[in-house]
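K.L.:
Have a look at the structure that comes next, please.
Bear in mind that the values in this text are calculations on the coordinates, not laboratory data. Since the structure is predicted, the reported quantities are computational estimates derived from the model, not experimental observations. FYI the Cβ positions are ideal-geometry reconstructions off the backbone, even for glycines, and counts take in every protein chain you see.
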Amino acid sequence: MIDLVGTIAIDGPAGAGKSTIARILAKKLGYKYIDSGAIYRAITLLAIEQGIEAEDEIGLSRIANNINIEFLPPDQNGINRVILNKVDVTDKLRGGIIDKNVSRIARVKGVRDALLIIQRRLAEDNNIVMDGRDIGSRVLPDAELKLYITASIEERAQRRFTELKEKDVDVDYEDIKSEIYKRDKLDKERKISPLVKAEDAFLLDTTDMSINEVLAKIIEIKKKVERDEDVSL
């Protein structure tokens, strides 16, 4: 049993803003941020580089069981650098080819089992914020605070569209919306650790909320949980 003092587990669908919220929340609380999605993206990157197909469960499980991954503290730009097998791969983990393949690779049982061990090891530091798809429901079921952050598919598509446009990436809103819809379907329907809201997780729909409003609400929930008070959303 892991002693999960100060551990906050955040789950939710693609584009809901959970990674942004988790990163800022961790900084605000003085906690360490662990982006579990980046671990799956790192496996996806390795698979693509090594020519391993999403259907090759043996090959994917092999690389998942033989990776070394680290999360460095935020750099001067507030970005948590991801070190995979001693190489900084942060800038390679976001993009079309990774986005299109990560859910397929994340469905593989051998990959999820291997990464479960890695995620729990990373959580042993205590005072961490970890976000993903099954953190509260499977990875850290005893987390001190669990949150499920979501938003409408239109809002999530718009956020992703704006983010990519700001990076001068040529994208189409409808294409992004379609990809998010497909990602949701894959994440929710996979047999191994599907995307679900843990029974004791607090649901936050951020469709009409600013980042500051979401952060304020989470801090409010955290304080009430610590005081064992009733939390009304």
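K.L.:
Which lysines have a Cα less than 18 Å from the Cα of residue 182, not counting those fewer than 8 places away in the same chain?
P.N.:
In chain and number order, the partners are 100, 191.
K.L.:
Run the reach check for residue 109 against aspartates and glutamates, Cα to Cα strictly under 12 Å, same-chain hits fewer than 8 apart removed. What comes back?
P.N.:
Output for residue 109: 55, 56, 57.
K.L.:
How high is the relative contact order of the chain? Use alpha-carbon pairs under 8 Å, at least six apart in sequence, and give a whole percent.
P.N.:
Across the chain, relative contact order equals 31 percent.
K.L.:
Next question, about the same structure. Suppose we flag trypsin sites (Lys or Arg not before Pro) only when DSSP calls them loop and at most 13 other Cβ atoms lie within 10 Å. Which is the longest uninterrupted stretch of the chain?
P.N.:
Result for the longest clean stretch: 1-85.
K.L.:
Tell me the label only: which of (i) 1.04; (ii) 0.94; (iii) 0.98 is Rg/Rh (Cα atoms, Kirkwood Rh) as calculated from this structure?
P.N.:
(ii)
K.L.:
Let me ask something additional. What are the DSSP H helices in the chain that stretch 18 Å or more along their long axis, judged by alpha-carbon atoms, and whose average Kyte-Doolittle hydropathy comes to at least 0.5?
P.N.:
36-50
K.L.:
Let me ask something else. Kindly provide the GluC sites (Glu not before Pro) of region 114-199 that DSSP labels as loop, not H, G, I, E or B, and whose Cβ sees at most 15 other Cβ atoms within 10 Å.
P.N.:
199
K.L.:
Counting DSSP beta bridges in the chain, what percent are antiparallel, to the nearest 5?
P.N.:
25 percent
K.L.:
Next question, about the same structure. Given a Förster distance of 35 angstrom, what is the FRET efficiency for residue 178 paired with residue 86, based on the Cβ-Cβ distance and rounded to 0.05?
P.N.:
0.40
K.L.:
Cα convex hull of region 74-125: mean projected area in nm², to one decimal?
P.N.:
Over every viewing direction, the Cα hull of region 74-125 projects on average to 4.8 nm².
K.L.:
Taking the alpha-carbon centroid of each part, what is the distance from region 78-108 to region 168-233 in angstrom?
P.N.:
Computed from Cα coordinates, the inter-centre distance equals 20 Å.
K.L.:
At a Cα cut-off below 17 Å, give the lysines reachable from residue 32, other chains included and same-chain residues fewer than 8 away excluded.
P.N.:
List returned: 18, 146, 222.
K.L.:
Separate question: What's the whole-number percent of alpha carbon pairs in region 13-66 lying beyond 13 angstrom?
P.N.:
That tail contains 65 percent of the Cα-Cα pairs.
K.L.:
At most 10 other Cβ atoms within 10 Å and a DSSP loop assignment: could you name the GluC sites (Glu not before Pro) in region 28-117 that fit?
P.N.:
Those that pass, being in a loop and sparsely packed, are 55.
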